[in-house]
Amino acid sequence: MKQTLKKHYERALITGATKGIGLAFASELARNGTRLVIVARGEELLHSVAERLRAEGTVEVVPLVCDLSVAGSAEWLYGECRRRGLAIDLLINNAGMFAYCDQMKMTEERVAKMLQLHVVATTELCRLFGADMAERGRGAIVNLSSYAANMAWPGLAVYSATKGYIDMYTRALGREMRERGVRVLSVMPAGVATDLYGLPEKWQHRAVRWGVLWSAERVARGSLRALYRGRMRYVPGAVNRLLQPIVRHLPKCVISFLRRRTLVFQK
Ligand SMILES: NC(=O)c1ccc[n+]([C@@H]2O[C@H](COP(=O)([O-])OP(=O)(O)OC[C@H]3O[C@@H](n4cnc5c(N)ncnc54)[C@H](OP(=O)(O)O)[C@@H]3O)[C@@H](O)[C@H]2O)c1
């Protein structure tokens, strides 16, 4: 069994904590006794995950049902934590949605939800909880960007752009907050074996075994380690870090070739 990372914070709020990377963050923190506020839309799963996390060791898990793609939800979430007296010293903005779809085919509603979830909710939660942390002179924020922020890929316009926003916003915020005792980390994973892309579980396991995808647990642990070391940005995987400048400047012919072969996966 892997050694649990040392407890650094008292209470963490994790958005999108019922699956994938968010769940891995929650499990890792639960094991060292960090109190948790977990957030997602699906009520049933949220409550069963809360039960599981309590069994894993944490003293307190508060599940809050909230759809962060709805305007005003970040204020509601913050207000609910205040009302219940839940002081947050680690905020993990992890909830996200994915769309591989050409802009002209994407519905207005889907675009608006992604902008609201990735851009508006992330910004508002950072501002609201960040202000309390700055006042206390202590705390940390982890924001989930993506490796896709490096790539101007056809079909990923809103996803890549919103993840690019998160990375830039997070790094600038980190420079402001550092002098106020608050650490801020941007995480940019490449492929991770989760339900985000709708990949069947069998293929997720195989892809991790073959080294094509990272496991959510590895990303969560790596991110927490990077945060504790005071890093401002974490790109999981040495190869991914090495390839970053190349991925940013792929020639048009390579992009067209890959586009032709992946058009069938658009939805
Ligand atoms: N998987 C990857 O390869 C990858 C790569 C780079 C970056 N990322 C980023 O990492 C983050 C986590 O991704 P993941 O792969 O772990 O995703 P996932 O397995 O699909 O889990 C998403 C989590 O977010 C919650 N969620 C989704 N929409 C929400 C909303 N509107 N309001 C509140 N909660 C919401 C989901 O629960 P409900 O559906 O019940 O709300 C679920 O708990 C995302 O921001 C993603 O963009 C992932």
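Legend: ranking of residues TYR100, TYR197 from fewest to most surrounding C-beta atoms inside 10 Å; resulting order TYR197, TYR100.
Less than 5 angstrom separates the built amide H of GLY16 from those of VAL39, ALA40, ALA95, all sequence-distant by 5 or more or on a different chain.
Sequentially through the range 23-28, phi angles give Karplus couplings (6.51, -1.76, 1.60; θ = phi - 60°) of 5, 5, 4, 4, 5, 4 Hz, Gly and Pro residues having no value and appearing as x. Helix content alone sets the calculated 222 nm mean residue ellipticity of the chain: runs of n ≥ 4 DSSP H residues at -39500 (n - 2.57) each, divided across all residues, give -14500 deg cm²/dmol. Taking 7 Å steps out from each Cα toward its Cβ at LEU115 and PHE265 produces label points 2.7 nm apart.
Reported to the nearest whole Å, the Cα centre-to-centre distance from the range 156-235 to the range 1-38 is 15. Quotient of the Cα radius of gyration of the range 110-255 and 2.2 N^0.38 Å, N being its number of residues: 1.11.
Altogether, the Stokes-Einstein calculation at 4 °C and 1.567 mPa s, with the Kirkwood radius of the range 145-210 over Cα pairs as Rh, returns a diffusion coefficient of 95 µm²/s. When each of SER256, SER215 is scored by the number of other beta-carbon atoms lying within 10 Å, the sequence from fewest to most is SER256, SER215. Remark: the range 240-253, residue by residue, has Karplus-estimated 3J(HN,Hα) of 4, 5, 5, 7, 3, x, 6, 4, 5, 10, 5, x, 4, 5 Hz, where x stands for each Gly or Pro and the curve is 6.51 cos²θ - 1.76 cosθ + 1.60 at θ = phi - 60°.
Hydrodynamic radius of the chain by the Kirkwood approach over all distinct alpha-carbon pairs: 19.0 Å. Sequentially through the range 105-115, phi angles give Karplus couplings (6.51, -1.76, 1.60; θ = phi - 60°) of 9, 7, 5, 4, 5, 5, 4, 4, 5, 5, 4 Hz, Gly and Pro residues having no value and appearing as x. Computed from the Cβ-Cβ distance with R0 of 30 Å, the FRET efficiency linking GLU43 to ARG175 stands at 0.20. Exposure proxy ranking for MET133, MET168, MET177, based on other Cβ atoms within 10 angstrom of each Cβ and starting from the fewest, stands as MET168, MET177, MET133.
Here, each number is a calculation from the coordinates, and none is a lab measurement. Please read these numbers as outputs of a predicted model, since none were measured by experiment. Cβ sites come from the backbone with ideal geometry, for glycine too, and all protein chains shown count toward neighbours.
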